[in-house]
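Structure first, commentary second.
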Amino acid sequence: MTNREKFIKTLKCEPVGGQVPTFELVFFLTMEKFGKVHPSHRFYEQWNQMSLSEKKLHMNEMAQLYVDTAKAYGHSAIFIHPNPGDLENTQWLLELIREKTGDEYYIMMHGDPTWAIPDGEGMMEFSMRMYEDAEGLNAESAARVEQSLEFARKLDEKGHLLDGFALCSDYCFNVNPFFSPDNFDEFIVPYLKEVITEYRKMGYYTIKHTDGNIMPIVKQMADCGPDAIHSLDPQGGVSIPEVRKIIGNDIALVGNVNCGLLQTGTEEECRQDVLRALREGMANGRGYIFSTSNCVYTGLPLERYEMMMDLWKKYGNYDHYEENFGENNTNTNEA
């Protein structure tokens, strides 16, 4: 199987055997790893002033960075951040990645029209609107959904170069969701369900991302029908076995390696947490994608991520699960 085929089978919760798939929503440490600036939007503010030749150089470098990152760490998928994010340049970036890799990798991008936690400046106003202008908020939600779907339709017309969308609106703090379960039902669920359903009709898969404590709303999220849930944040008290008890075995799970420990914990704490995530994630023999509980963000030590990936190579294999994580194994079952 190609990495893409294996990733899709995992999203379908089908057994894949061998190495468990892995990827990251973002790998920001490209300067440290490759000597290249990550293609973040702030570095392309002068895009419209560039000559065509300069645009080509930048676009090719962005595409190559995504490919180099996937190859360096054995990722099965690539999450792109189109810069600029208009239809034409998104298409251009996708075409370049496919030219370089064919169908080797599953490719996705952000495509979540649902409301996220407002920033500090807008939180009070948004909270008031939920009670004073629910109709207006829901009208905006419907418009946002249609805008996302229209972009997906136009992208699909250009050729099905994208495999799916990561729905990256964050709903939760580490303690609790921003939205109460009732508010989540009113302001998020109808629009999350609609966008997932319509993406699926176009042939796109969906991975629903949110950090923090998702436990009070995880069943509502699952009932919207995503193919997978990311990032299963242990800093928010999210446990893979507990999520499985609530949502069952037919939605894939992604993540659960504690980013906080990777940044500030001891080497042994990091090692044990990585092994725990692998043991718990792979326990069903299907439907798990290994990753951090957020992303490889700026400030996270590169050597810690590379240690994590070395452990994945050694222990993240379904064919050796019992050998690595069985009851009699003293090397990993203390994780």
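The values are calculated or read from the model by the stated rules, or taken from the named source; none is laboratory data. Because the structure is a prediction, the values reported are computed rather than measured. Glycine gets a Cβ as well: all are built from the backbone with ideal geometry, and neighbour counts include every protein chain shown. Note: areas computed on protein heavy atoms with side chains; ligands, DNA, RNA excluded. Shrake-Rupley method; radii C 1.70, N 1.55, O 1.52, S 1.80 Å.
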Could you calculate, for the stretch 199-257, the ratio of the Cα radius of gyration to the Kirkwood radius, expressed as Rg to Rh? 0.96
Spatial separation of Cα centroids for the stretch 185-239 and the stretch 261-303, in angstrom: 21
Enter the accessible area per residue of the chain (Å², integer; probe 1.4 Å; all protein chains in place). 43
Alpha carbon convex hull of the stretch 1-98, projected area averaged over orientations, nm²: 7.0
Could you tally the net charge around M124, taking each other residue with its Cβ under 14 Å from the Cβ of M124, Lys/Arg +1 and Asp/Glu -1? -4
With a sphere of radius 13 Å drawn around the Cβ of I207, what net charge do the other residues whose Cβ falls strictly inside it have (Lys, Arg +1; Asp, Glu -1)? -1
Over the chain: Rg over Rh, Cα atoms, Kirkwood Rh: 0.96
Which pairs in the list K12/K154; K33/K193; K6/K208; K71/K158 are over 29 Å apart, alpha-carbon to alpha-carbon? K33/K193
Interatomic Cα distance distribution for the stretch 49-131, bins of 10 angstrom, percent: 15, 37, 21, 18, 9, 0
Percent of C-alpha pairs per 5 Å bin, the stretch 228-335, short to long: 2, 13, 24, 25, 20, 12, 4, 0
Whole-Å distance linking the alpha carbon centroid of the stretch 1-70 with that of the stretch 133-151 is 29
Accessible surface of the chain [probe 1.4 Å, protein heavy atoms]: carbon and sulfur percent: 48
MRE, 222 nm, helices only [DSSP H, n ≥ 4, -39500 (n - 2.57), over the chain, to nearest 500]: -14500 deg cm²/dmol
Two-decimal ratio, the stretch 41-186, of alpha-carbon radius of gyration to 2.2 N^0.38 Å: 1.26
Net charge of neighbours whose Cβ lies under 14 Å from the Cβ of L29, counting Lys and Arg as +1 and Asp and Glu as -1: -2
Per principal axis, descending, Cα span of the stretch 1-40 in whole Å: 37, 18, 13
